[in-house]
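What follows is one structure encoded as structure tokens, with my remarks underneath.
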Amino acid sequence: MNPFQFDIRNLPDDGKQVTGTLPASFFQLPEKDSAIATSPLTYDLNILRDDKDIIVTGSLDATFSLECGRCLEHFAHRVEMTDYQTEAPIEKETTMDLTDLIREDILLTLPNFPRCENGNVDLRDCPAEGRFESAESSAPLEMPGADRGVWNALDQLK
């Protein structure tokens, strides 16, 4: 049974506490993705009805293996949401499923451009550190005629 799916009519006034773990497959990530769930999802949530919304508070925890954007090695990154809060409008007065909402909230916390030195499980330096020229050390490109204005420089490209 899905712990995030429930009948709104049976929701107690003081809310419903759901606690447990779900397998890493809960995240539905492709096998050859740059992010791989390596631990089950651990959750401790309170689901409460507030007029026309469902309010969810609690904690979520899972660990992922991310691919470093620099060296392409995988590193561990833990998502620990201790003050998780979200709300969802009640669309039907029968059942509601918060699975997609919770999954998306967790995946959105993953870094867009992961780098292994930013991993929060095993601290390490990126093996590719220093192999690429930094932005500070590269000089801007000089175009002939650039001192006469941008349009003159573009005219030179004819």
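Just a few scattered comments:
- Check on Arg115, touching a residue at least 40 places away in the same chain (Cβ under 8 Å), within 30 Å of Arg9 (Cβ to Cβ) and crowded, with 16+ Cβ neighbours inside 10 Å: no
Conditions (1) within 15 Å of Leu98 (Cβ to Cβ); (2) touching a His at 6+ places or on another chain (Cβ under 8 Å), marked per residue:
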site	(1), (2)
Lys16	yes, no
Glu31	no, no
Ile36	no, yes
Thr57	yes, no
Ala62	no, no
Ser65	no, yes
Arg70	no, no
Glu80	no, no
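- Condition check for Thr82: surrounded by 18 or more Cβ atoms within 10 Å (Cβ to Cβ) and assigned to a strand (DSSP E or B): no
- Filter result (farther than 14 Å from Phe4 by Cα, small (Gly, Ala, Ser) and assigned to a strand (DSSP E or B)) within segment 58-70: Ala62, Ser65
- Qualifying positions in segment 108-120 - modelled with pLDDT of 85 or more and part of a loop (DSSP other than H, G, I, E, B): Leu108, Thr109, Leu110, Pro111, Asn112, Phe113, Pro114, Arg115, Asn120
- For segment 90-107, the condition of being under 12 Å from the mean Cα position of the chain (by Cα) and in a strand (DSSP E or B) holds for none of the residues.
- Selection from segment 29-57 of residues that are at pLDDT 90 or above and in a loop (DSSP other than H, G, I, E, B): Thr38, Ser39, Pro40
- Selection count, segment 58-77, where residues are modelled with pLDDT of 90 or more and either of a type in the set (Gly, Ala, Ser) or under 27 Å from Asp13 (Cα atoms) (or both): 7
The values are calculated or read from the model by the stated rules, or taken from the named source; none is laboratory data. Every value quoted in this text rests on a predicted model; they were computed, and no experiment measured them. No Cβ is skipped: glycine too gets one built from the backbone with ideal geometry, and neighbour counts run over all protein chains shown.
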